[in-house]
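These notes are about the structure you will find just below.
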Amino acid sequence: MAQALQQLINGLTLGSVYGLIAIGYTMVYGIIGMINFAHGDVYMVSAFIAVTTFTLLAALGVSSVPLALLVVLVVAVLFTSAYGWTVERTAYRPLRNSTRLAPLISAIGMSIFLQNMVQVTQGARVKPVPPMLSDGITLFTSGSYSVRISSAQILIIVLTVVLMAGFTWLITRTAFGRQQRACEQDRLVTAFLGYNVDRIISLTFMIGAALAAVAGVMVTMYYGVVDFYIGFVAGIKAFTAAVLGGVGSLPGAMLGGLIIGLLESFWASYLSPEYKDIGTFVILIMVLMFRPSGLLGRPEVEKV
Amino acid sequence: MMLQMTGVHAHYGHVHALRGIDLSVQVGEVVTLIGANGAGKSTLMTSLFGAPRCSSGQIIFDGEDITRLPTHQISHRGIALVPEGRRIYPRMTILENLQMGVSYADPSNFEVDLKRMEALFPILESRRHQAAGTLSGGEQQMLAIARALMSRPKLLLLDEPSLGLAPLYIRKVFEIIQELNRDYGMTILLVEQNANHALKVAHRAYVLQHGEIVLSGTGQELLSDPAVRAAYLDGGSH
Ligand SMILES: Nc1ncnc2c1ncn2[C@@H]1O[C@H](COP(=O)(O)OP(=O)(O)O)[C@@H](O)[C@H]1O
Ligand SMILES: [Mg+2]
């Protein structure tokens with residue numbers, strides 16, 4: 001019981017991170033119908049931006065953790081959304097009217113490029129950051145097992161809930177959100193009605209990247225280490241979350257993220273920590289085979 | 001002169017869809033374009049928006065050369081299109097669909113225009129917050145027209161607005177076209193399969209064939225033209 005509760009807390013934390021990344025996959029798929037395979041690497045880049053900024057702040061003698069976190073978040077979000085924008089402009093937009101396969105190949109190329117760029121400029125070894133917010137609250141102790149929630153976990157979960165609420169408001173209630181949904185449903189007509197579709201697509205990439213940036217900062221703070229390969233693993237898991245929730249569905253991405261996070265932490269705890277990623281891949285394969293539209297997705301209607 | 005197309009050519013890859021179109025619409029006119037399926041009627045309309053961009057020729061709208069203007073800026077000049085197949089946003093509410101109609105128009109007009117549209121199309125008022133995809137075909141067509149009118153366009157383009165509708169709605173569509181033109185002085189370019197009906201409401205008409213204009217004249221002239229009757233009216237190809 002205590003162990004299950006602890007895994008629930010860990011799983012919600014992980015699930016928050018996956019959910020934040022999954023939104024980027026789902027939004028981009030919704031608007032241009034392609035899987036942005038470089039999205040996981042954009043997330044990885046944000047983690048490195050976070051490490052660099054943390055280190056810089058420490059060198060400057062900033063000792064307040066909340067202040068440092070805030071600065072790192074702002075810097076990471078700004079730079080990472082610039083990356084998201086650049087990826088779309090350079091790798092996808094020129095191929096928008098080409099075959100369906102071309103942007104996918106371009107995305108994989110962009111992913112390899114980002115990994116190598118970080119590897120060359122940052123080195124292949126893992127980068128540590130000083131531990132932060134590792135204090136926490138012990139909820140209760142049963143026997144030798146105490147159930148803990150760390151400050152970092154609280155921050156991740158709370159920040160995710162706030163971001164998801166804000167993001168949902170943006171998409172469902174604002175003029176920009178309306179235009180974004182309009183582009184998902186009919187890009188050409190939206191352009192005829194007088195909206196700059198290219199700009200809306202750029203902003204979509206930037207928002208997805210910004211949410212991934214928050215996830216990257218959180219993970220850096222939570223685990224205390226990053227390497228250039230984390231984008232691949234987290235990317236696949238978030239992608240699975242998006243597929244599980246139904247690619248194109250925003251609530252689906254959040255739900256899928258939570259399920260994958262919970263699955264991973266329970267699997268690691270009860271079955272095998274070494275093979276914890278198998279669960280994710282089994283889900284990916286099962287969903288693709290038996291329910292490709294996911295839990296909350298619409299049945300796929302081929303876009304014309 | 002509201003619209004003047006001169007020598008317009010347009011391609012889809014290797015398909016040469018428009019082959020030297022010369023067409024004009026005067027202020028306050030209803031002009032109709034008839035022609036068989038695949039003649040290039042829809043392409044003529046969307047080429048005004050640069051989709052496809054014309055490969056040669058010139059488009060002057062309201063005294064301005066709009067040939068090379070980016071697609072999203074065309075509607076800002078005062079052209080609104082009711083596209084073929086309606087293409088309303090099915091997963092948005094009716095209100096949101098109408099809001100999408102005003103990308104550049106003065107936002108302070110929104111409430112007034114919304115009221116006007118709901119007066120013109122009463123069905124829209126009672127269902128403001130309903131998903132547009134749940135409307136019937138005829139109701140969706142009303143919504144598509146209302147969405148286009150929300151921007152207060154100078155020129156309204158209607159691409160087969162009566163296609164696939166029940167007779168009641170076909171009548172309603174033509175009533176609205178006449179009402180808009182008569183009471184509001186709206187300039188209209190109309191593409192119709194229903195050539196008989198269209199020629200009756202139009203001041204002037206063009207016949208399009210394989211991307212070329214083969215005939216033009218007043219609605220009455222074309223109605224009584226034997227070739228037109230044979231091809232488009234007396235149970236000809238649509
Ligand atoms: N998106 C497109 N891509 C390629 N060819 C097209 C496209 N749209 C139309 N065409 C072709 O252009 C020609 C004119 O089509 P269209 O303008 O739709 O005719 P109409 O509206 O008169 O039925 C046809 O030969 C059609 O097959
Ligand atoms: Mg057509």
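The values are calculated or read from the model by the stated rules, or taken from the named source; none is laboratory data. Since the structure is predicted, the reported quantities are computational estimates derived from the model, not experimental observations. All Cβ positions, even for glycine, are placed from backbone atoms using ideal geometry, and neighbour counts span all protein chains on display. These accessible areas exclude ligands, DNA and RNA; they are computed on the full protein's heavy atoms, side chains included. Shrake-Rupley method; radii C 1.70, N 1.55, O 1.52, S 1.80 Å.
Listing for the model above:
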read-out: Test for A:Arg148: is it open to solvent by 30 Å² or more (accessible area, probe 1.4 Å) and touching a helix residue (DSSP H, G or I) at 6+ places or on another chain (Cβ under 9 Å); value: yes
read-out: Conditions (1) surrounded by 18 or more Cβ atoms within 10 Å (Cβ to Cβ); (2) in a helix (DSSP H, G or I); number of the one not met by B:Glu221; value: (1)
read-out: Single condition A:Arg187 does not satisfy, out of (1) within 14 Å of another protein chain (Cβ to nearest Cβ); (2) open to solvent by less than 60 Å² (accessible area, probe 1.4 Å); value: (2)
read-out: Selected residue (only one of B:Val82, B:Val102 is of a type in the set (A, V, I, L, M), buried (at least 16 other Cβ atoms within 10 Å of the Cβ) and within 16 Å of ligand 1 (Cβ to nearest atom)); value: B:Val82
read-out: Among (1) without any contact (Cβ under 8 Å) to a residue 40 or more places away in the chain; (2) under 25 Å from B:Met150 (Cβ atoms); (3) away from chain A (no Cβ under 14 Å) - the single one B:Val15 does not satisfy; value: (2)
read-out: Checklist (1) in a helix (DSSP H, G or I); (2) touching a helix residue (DSSP H, G or I) at 6+ places or on another chain (Cβ under 9 Å); (3) of a type in the set (S, T, N, Q) applied to B:Ser42, failing item; value: (2)
read-out: From the options B:Ala36, B:Ala10, residue that is touching a Ser or Thr at 6+ places or on another chain (Cβ under 8 Å), within 16 Å of ligand 2 (Cβ to nearest atom) and open to solvent by 10 Å² or more (accessible area, probe 1.4 Å); value: B:Ala36
read-out: Residue list for the range A:245-270, filter: on the phi < 0 side of the Ramachandran plot, outside any helix (DSSP H, G or I) and open to solvent by less than 20 Å² (accessible area, probe 1.4 Å); value: A:Ser249
read-out: Selection count where residues are within 16 Å of ligand 2 (Cβ to nearest atom) and without any contact (Cβ under 8 Å) to a residue 60 or more places away in the chain, scope the range B:39-58; value: 5
read-out: Index of the failed condition, B:Val207 passing every other in (1) more than 15 Å from the chain's Cα centre (by Cα); (2) open to solvent by 10 Å² or more (accessible area, probe 1.4 Å); (3) within 16 Å of ligand 1 (Cβ to nearest atom); value: (2)
read-out: Unmet criterion (only one of (1) within 14 Å of chain A (Cβ to nearest Cβ); (2) over 25 Å from A:Ile171 (Cβ atoms); (3) out of contact with any Leu (no Cβ under 8 Å at 6 or more places or on another chain); (4) not polar (S, T, N, Q)) for B:Phe49; value: (3)
read-out: Residue identified as out of contact with any Gly (no Cβ under 8 Å at 6 or more places or on another chain), assigned to a helix (DSSP H, G or I) and modelled with pLDDT of 90 or more among A:Tyr29, A:Tyr43, A:Tyr92, A:Tyr18; value: A:Tyr92
read-out: Residues (of a type outside the set (A, V, I, L, M), surrounded by fewer than 21 Cβ atoms within 10 Å (Cβ to Cβ), touching a residue at least 24 places away in the same chain (Cβ under 8 Å) and not in a loop (DSSP other than H, G, I, E, B)) located in the range B:141-171; value: B:Tyr169
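Results for (1) within 14 Å of chain B (Cβ to nearest Cβ); (2) within 24 Å of A:Phe281 (Cα to Cα); (3) free of Cβ contacts under 8 Å to residues at least 24 places away in the same chain, shown as yes or no for each residue.
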{"residue": "A:Gly177", "(1), (2), (3)": "yes, no, yes"}
{"residue": "A:Asn196", "(1), (2), (3)": "yes, no, yes"}
{"residue": "A:Ser202", "(1), (2), (3)": "yes, no, no"}
{"residue": "A:Gly208", "(1), (2), (3)": "no, yes, no"}
{"residue": "A:Tyr223", "(1), (2), (3)": "no, yes, yes"}
{"residue": "A:Asp227", "(1), (2), (3)": "no, yes, no"}
{"residue": "A:Ile236", "(1), (2), (3)": "no, yes, no"}
{"residue": "A:Gly245", "(1), (2), (3)": "no, yes, no"}
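Residues are listed down the side, and each one gets a yes or a no for (1) touching a Leu at 6+ places or on another chain (Cβ under 7 Å); (2) facing another protein chain (nearest Cβ under 9 Å); (3) open to solvent by less than 30 Å² (accessible area, probe 1.4 Å); (4) not basic (Lys, Arg):
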| residue | (1), (2), (3), (4) |
| --- | --- |
| B:Arg87 | no, yes, no, no |
| B:Pro90 | no, yes, no, yes |
| B:Asp106 | no, no, no, yes |
| B:Glu118 | yes, no, yes, yes |
